[in-house]
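Visitor: What follows is a single structure, and I will ask about it in a moment.
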């Protein structure tokens, strides 16, 4: 049996990636393909990619059986080799960042709601931070949320709490877009 040409020459061995490295790259591309397939329709349509890759992703989305999806995702990974990976990764990262910002904004609204219900000083801070707010409406919603919170658990409707949250959320959104 003849030795492999790269076995005795370490310089040639370093030029080609190992089988393990090739498998890792393949799995990485396949994972990126799965993330692309999970993007909303409009986001996916806006990304510049080869037509064969786009068609493979759309076919993956239409496939219902587990084995069919697994095999189609392998095909997506194969098509990913012909695509420029960087813009695809950027598109997925931009989408994830956007949803993370939305989540942070919701947590901020929840925090403000809890503070407004808990004490009157929060109302003063809110008025200083968001002077464009209809303070009369805000005070009314805070009173309703406090009344709801003070009621016995079986008598709570949660309506005041929800309405206060729905009032706060757009105020935070308009602040961010200004």
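Rule-based calculations on the coordinates, nothing more; no lab input. Predicted, not measured: the structure shown is a model, and the values here were computed from it. Neighbour counts are summed over all protein chains in view; Cβ atoms, including those assigned to glycine, are modelled from backbone coordinates with ideal geometry.
Visitor: To the nearest 500 deg cm²/dmol, what mean residue ellipticity at 222 nm is calculated for the chain from DSSP H runs of n ≥ 4 alone, each contributing -39,500 (n - 2.57), summed and divided by the residues?
Guide: -25500 deg cm²/dmol
Visitor: Okay, next question. Nearest 10 degrees is fine. How inclined is helix 51-62 to the longest principal axis of the chain, computing both from alpha carbons?
Guide: 60
Visitor: If you fit an axis through the alpha-carbon atoms of helix 66-80 and take the longest principal axis of the Cα set of the chain, what angle between them do you get, 0 to 90°, nearest 10?
Guide: Result, in degrees: 70.
Visitor: In degrees between 0 and 90, to the nearest 10, how far off the longest principal axis of the chain does helix 159-177 point, with axes built from Cα atoms?
Guide: 60
Visitor: Ordered by packing density, taken as the mean number of other Cβ atoms within 10 Å over each peptide's residues, highest first, how do 100-107, 52-59 rank?
Guide: Going by the mean number of other Cβ atoms within 10 Å, highest first, we get 52-59, 100-107.
Visitor: Sorted by mean Cβ packing within 10 Å, highest first, what order do the peptides 159-166, 130-137, 79-86, 119-126 take?
Guide: The peptides rank, most packed first, as 159-166, 79-86, 119-126, 130-137.
Visitor: Ratio of alpha-carbon Rg to the 2.2 N^0.38 Å globular estimate for the range 10-83, to two decimals, please.
Guide: Cα-based Rg divided by the globular estimate yields 1.28.
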